[in-house]
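Participant: Handing you this structure, nothing more for now.
The values are calculated or read from the model by the stated rules, or taken from the named source; none is laboratory data. All values derive from a computational prediction rather than experimental measurement. Cβ: placed from backbone, ideal geometry, glycine included. Neighbour counts: every protein chain shown.
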Amino acid sequence: MSTPISEPLLLTSAQEIEGNLVLLSGSFPTDLPGSVYVVYQVGSVNSEGLPYPALLPDGRPNPEYGSAIMSGDGMVMKLDFGSTPTIRTLLMKTPCYYADFATRNGTAESHADWGMLRFHNFGISRMSLMLGARNPLNTSVTPAQFGTDPAVLIAAYDVGRPYILDPVSLDLKTVIGQNSEWITGTPAKVPWPFELIESTAHPCFDPHTQELFTVNYSHIQPSSVLHDRTLHHLQHSRETFREKLLDLMHTHQHNSDQEAVRQRVVSFFENLDEELSGEVSANSTNIFTRIIQWFKNLFHKKEPETASGAVVKLMRFDGKNPWQQWTLHDQFGQELLIKNCMHQTGLTQDYIILQDSSFKFSTELLFTNPFPEHLELERFLRKALATTMLPYTECYVVKRSELKPENATATAYKLDKPLPIETIHFSCDYENPGGEITLYGIHNAAMCVAEWVRPYDISAITRQPIDPDVLSLFALGTMDVSRIGKWKIDAANFILQEEKSTLLAETGNTNAADGQLGFNTWTVGLYAFRDMISEKTAVKKIDHLWFVSGGLDPKMLTQFIEDLYKDYPNRDVPYVQVKELTKKGLPFSLNYLQTDSMSSHATGYYQFKENDYLRSIQFVPRQAPTPGLDPGLDGYLVCSMQVAYPQPDGSLHRQGEFWIFRAENIAAGPICTCYHPDVKFCFTLHSAWMNDPQSVTMSYNVDVRQDYEEIINQLPDKKIIEPFFEKYVYPYF
């Protein structure tokens, strides 16, 4: 019998808060300096937070119900543990946020094109068919310092331009780079003021050279099911489009030949003009002609000139000037073809490391729900188009010495073989003696972080509808044990030295009589080490590392994920055993790893209670060094937690809290727990720390009006969009 739940697991508030932290247990450390920053998602402008309600206020079904949390707005949270510990939260409000807010549900605008201006959740993205793609900045912040100016935070998202964030006020100061400095990604360039820019959520900063590196790429290919015609027909022949798709579903939903179904669905999207022939009005055809002509006029100016449409640019920012850019090719002269995304980047003293990360930002995730009011149709399209993560990781090494300002291209040397397992996050030792790179990889085996739990999902454990408590969350049901890799790369010869590398997979004691699982790598999440991302210090050698293990949660494993990964090629633990352990459930834990030996010790493990969830962890060094203690251990771990308190009726009251551990002895448990009653969060993501944040003084600034006017002046719908920006966007900047 399942435990009654009085509050949803996803409970998150979009309310901006400023106040004092309330002590729950222990005492606040007196030597914990600076500020900790944590990023999380809070839902769309149509809600006051998460979860999305099933019904709108007027009783109609809510099309955002069950949407992925990754499509929601980004909130940044600032924690200060001074004499009076405080907390502040603020939404990161980009120009597209204000456009979205102006067209939110309930706005009483009578303009005929208002419906096309409005934004909608499309898979893991949020888009307007006329205005373009949202950039919610809901993933990470990276400290950076340029020259003698105070340090700033760089707020980033995988699909959007990065922004400079004031670490004191939390206000967004400016985007980095004008629209004209960026190329668009997937879909192909369409006439939008808010272009869809594919970049990375993790740009890398070198505190020694004060350079910020990021990527801008496109992996457009002719076979893509998402292109301008899909967007056009969603705008101008929506009803016919929907009916044709429903007919397709009714014809093929019981076909056991899934490859044949997939090919038919792909063919449908690739040949939309023919599939919907005769259904488009003359007026909309004229609009379509204007769009295509506009697209042709601009294609040669900003789009990649390759046969596949694929391009990867490496970009460097110095805090003052426009981005320096290099189009990358491998050592064989071929363009880089990114199949998933470039979620993570890394650097060492002499090299930039790029990966094709195991977080797919692919077309099926954008358009598995073009009609979110039809869940059965969404389920059909998802099943037909879904793909697994690549079970390996392609890696590229760029020599920093070859990044000459006078050149427009550079070589990204592809390793002789990929990492033999998928990777989403990684970090490197800054030092690379003799050209040898040491890379630490987090390998979420047989798991798809890009997927989320849908309203129609079925539990792989009970074969019943999924627990509604987990709707919208990352589909973190895992089908094998995660790994942590320590990889040695001969950068001089671009060789992955597998014989010198270590791949750690640890199941723990799953049959322990006392229930203590012990050190393990089940569902490895975020991790931390001293100065992991820092505007002051580059870590020469990573000696100590702490990471989150999410265990195995029977609520999270869906039939969809099981079907995708039951034949996983890199399997370590037999599938049947994983399923049984999931049914039993394994708890969350905080784990310590000594990287030389790739092992832990007696004080390096802490296990959380059932229904308590550890989310983000951040290392904060002590204010004054502790004599005799390794500096890499000399600090605290500040953790965001979602804690469940059982009630007399058997339900659970959930509360967002912050737990502080001594890094050198996490087994002793938290020395302090605290919270703020009005700050409600569920799935926090990446975090950062700054020792002495000061307000931004840098002179770099991209003027919002000038940035967007350059695009809007060329749009076929300028007469609609220009006055909209004048009224709803520009006044905020």
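Participant: Among the residues of the range 54-107, count how many are of a type in the set (Lys, Arg) and in a strand (DSSP E or B).
Facilitator: If we filter the range 54-107 for residues that are of a type in the set (Lys, Arg), which is where we start, we get 60, 78, 88, 93, 104.
Those left that are additionally in a strand (DSSP E or B): 78, 88.
The total comes to 2.
Participant: Considering the range 481-495 alone, what residues qualify as being crowded, with 24+ Cβ neighbours inside 10 Å and assigned to a loop (DSSP other than H, G, I, E, B)?
Facilitator: Result: Val481, Ser482.
Participant: Could you tell me whether any residue of the range 357-365 is crowded, with 21+ Cβ neighbours inside 10 Å and modelled with pLDDT of 90 or more?
Facilitator: Yes, some residue in the range 357-365 is crowded, with 21+ Cβ neighbours inside 10 Å and modelled with pLDDT of 90 or more.
Participant: Have a look at His250, His208, His254 and point out the one that is part of a loop (DSSP other than H, G, I, E, B), more than 16 Å from Gly132 (Cβ to Cβ), at pLDDT 75 or above and over 29 Å from the mean Cα position of the chain (by Cα). Give the steps one after another, and end with the answer.
Facilitator: Details: His250 fails: part of a loop (DSSP other than H, G, I, E, B); His208 fails: over 29 Å from the mean Cα position of the chain (by Cα).
Going through His250, His208, His254 in turn, the sole match is His254.
For every residue, the table says whether it meets (1) closer than 21 Å to Asp469 by Cα; (2) modelled with pLDDT under 95; (3) assigned to a strand (DSSP E or B).
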residue	(1), (2), (3)
Ser597	no, no, no
Lys609	yes, no, no
Gln642	yes, no, yes
Gly650	yes, yes, no
Phe658	no, no, yes
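Participant: A further question on this structure: Identify, from the list Gly59, Gly34, the residue that is free of Cβ contacts under 8 Å to residues at least 24 places away in the same chain and surrounded by fewer than 19 Cβ atoms within 10 Å (Cβ to Cβ). I'd like the intermediate steps shown before the answer.
Facilitator: Working: Gly34 fails: free of Cβ contacts under 8 Å to residues at least 24 places away in the same chain.
None of the other options fit; the residue is Gly59.
Participant: Does the range 670-682 contain any residue that is hydroxyl-bearing (Ser, Thr, Tyr), in a strand (DSSP E or B) and in contact (Cβ under 8 Å) with a residue 40 or more places away in the chain?
Facilitator: Looking through the range 670-682, at least one residue is hydroxyl-bearing (Ser, Thr, Tyr), in a strand (DSSP E or B) and in contact (Cβ under 8 Å) with a residue 40 or more places away in the chain.
Participant: Still on this structure, please answer the following. Does the range 563-595 hold any residues that are modelled with pLDDT of 95 or more and acidic (Asp, Glu), and which are they?
Facilitator: Scanning the range 563-595 gives Asp572, Glu580.
Participant: Counting just the residues of the range 327-356 that are more than 11 Å from His202 (Cβ to Cβ), in contact (Cβ under 8 Å) with a residue 24 or more places away in the chain and of a type in the set (S, T, N, Q), which one comes out surrounded by the fewest Cβ atoms within 10 Å (Cβ to Cβ)?
Facilitator: Gln331
Participant: Exactly one of (1) out of contact with any helix residue (DSSP H, G or I) (no Cβ under 8 Å at 6 or more places or on another chain); (2) in a loop (DSSP other than H, G, I, E, B); (3) under 21 Å from His443 (Cβ atoms) is unmet by Gly525. Its number?
Facilitator: Tallying (1) out of contact with any helix residue (DSSP H, G or I) (no Cβ under 8 Å at 6 or more places or on another chain); (2) in a loop (DSSP other than H, G, I, E, B); (3) under 21 Å from His443 (Cβ atoms), Gly525 fails exactly one: (2).
Participant: Does the range 39-51 contain any residue that is surrounded by 22 or more Cβ atoms within 10 Å (Cβ to Cβ), within 22 Å of Trp452 (Cα to Cα) and in contact with a His (Cβ under 8 Å, 6 or more places away or on another chain)?
Facilitator: Within the range 39-51, one or more residues are surrounded by 22 or more Cβ atoms within 10 Å (Cβ to Cβ), within 22 Å of Trp452 (Cα to Cα) and in contact with a His (Cβ under 8 Å, 6 or more places away or on another chain).
Participant: If you go through the range 498-514 one residue at a time, how many are in contact (Cβ under 8 Å) with a residue 40 or more places away in the chain and in a loop (DSSP other than H, G, I, E, B)? Give the steps one after another, and end with the answer.
Facilitator: Filtering the range 498-514 down to residues in contact (Cβ under 8 Å) with a residue 40 or more places away in the chain leaves 498, 502-505, 507-508, 510.
Within this subset, residues satisfying the condition of being in a loop (DSSP other than H, G, I, E, B) are 505, 507-508, 510.
Matching residues across the range 498-514 total 4.
For every residue, the table says whether it meets (1) at pLDDT below 95; (2) within 18 Å of His686 (Cβ to Cβ); (3) out of contact with any Ser or Thr (no Cβ under 6 Å at 6 or more places or on another chain); (4) aromatic (Phe, Trp, Tyr).
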| position | (1), (2), (3), (4) |
| --- | --- |
| Ser2 | yes, no, yes, no |
| Asn20 | no, no, no, no |
| Gly26 | no, no, yes, no |
| Tyr40 | no, yes, no, yes |
| Gly43 | no, no, yes, no |
| Asn62 | yes, no, yes, no |
| Asp73 | no, yes, yes, no |
| Arg104 | yes, no, yes, no |
| Ala112 | yes, no, yes, no |
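Participant: For Tyr592, work out the one condition from (1) in a loop (DSSP other than H, G, I, E, B); (2) farther than 19 Å from Phe681 by Cα it doesn't fulfil.
Facilitator: The one condition Tyr592 does not meet is (1).
Participant: Is it true that some residue in the range 153-163 is touching a residue at least 60 places away in the same chain (Cβ under 8 Å), surrounded by fewer than 21 Cβ atoms within 10 Å (Cβ to Cβ) and not in a loop (DSSP other than H, G, I, E, B)?
Facilitator: Among the residues of the range 153-163, not one is touching a residue at least 60 places away in the same chain (Cβ under 8 Å), surrounded by fewer than 21 Cβ atoms within 10 Å (Cβ to Cβ) and not in a loop (DSSP other than H, G, I, E, B), which makes the answer no.
Participant: So which pairs qualify, if the first residue must be in the range 433-462 and at pLDDT 95 or above, the second must be acidic (Asp, Glu) and in a strand (DSSP E or B), the Cβ gap must be under 8 Å, and the two must be at least 6 apart or on different chains?
Facilitator: Final answer for the pair search is Gly435/Asp490; Glu436/Asp490.
Participant: Please tell me if Lys417 is touching a residue at least 24 places away in the same chain (Cβ under 8 Å), surrounded by fewer than 16 Cβ atoms within 10 Å (Cβ to Cβ) and over 28 Å from Arg262 (Cα atoms).
Facilitator: On the way: touching a residue at least 24 places away in the same chain (Cβ under 8 Å): yes; surrounded by fewer than 16 Cβ atoms within 10 Å (Cβ to Cβ): yes; over 28 Å from Arg262 (Cα atoms): yes.
Yes, satisfied.
Participant: Could you tell me whether Asp692 is in contact with a strand residue (DSSP E or B) (Cβ under 9 Å, 6 or more places away or on another chain) and outside any strand (DSSP E or B)?
Facilitator: When the stated conditions are applied, Asp692 passes them.
Participant: Can you tell me which residue within the range 227-247, out of those that are surrounded by 19 or more Cβ atoms within 10 Å (Cβ to Cβ) and of a type in the set (A, V, I, L, M, F, W, C), is modelled with the lowest pLDDT?
Facilitator: Leu231
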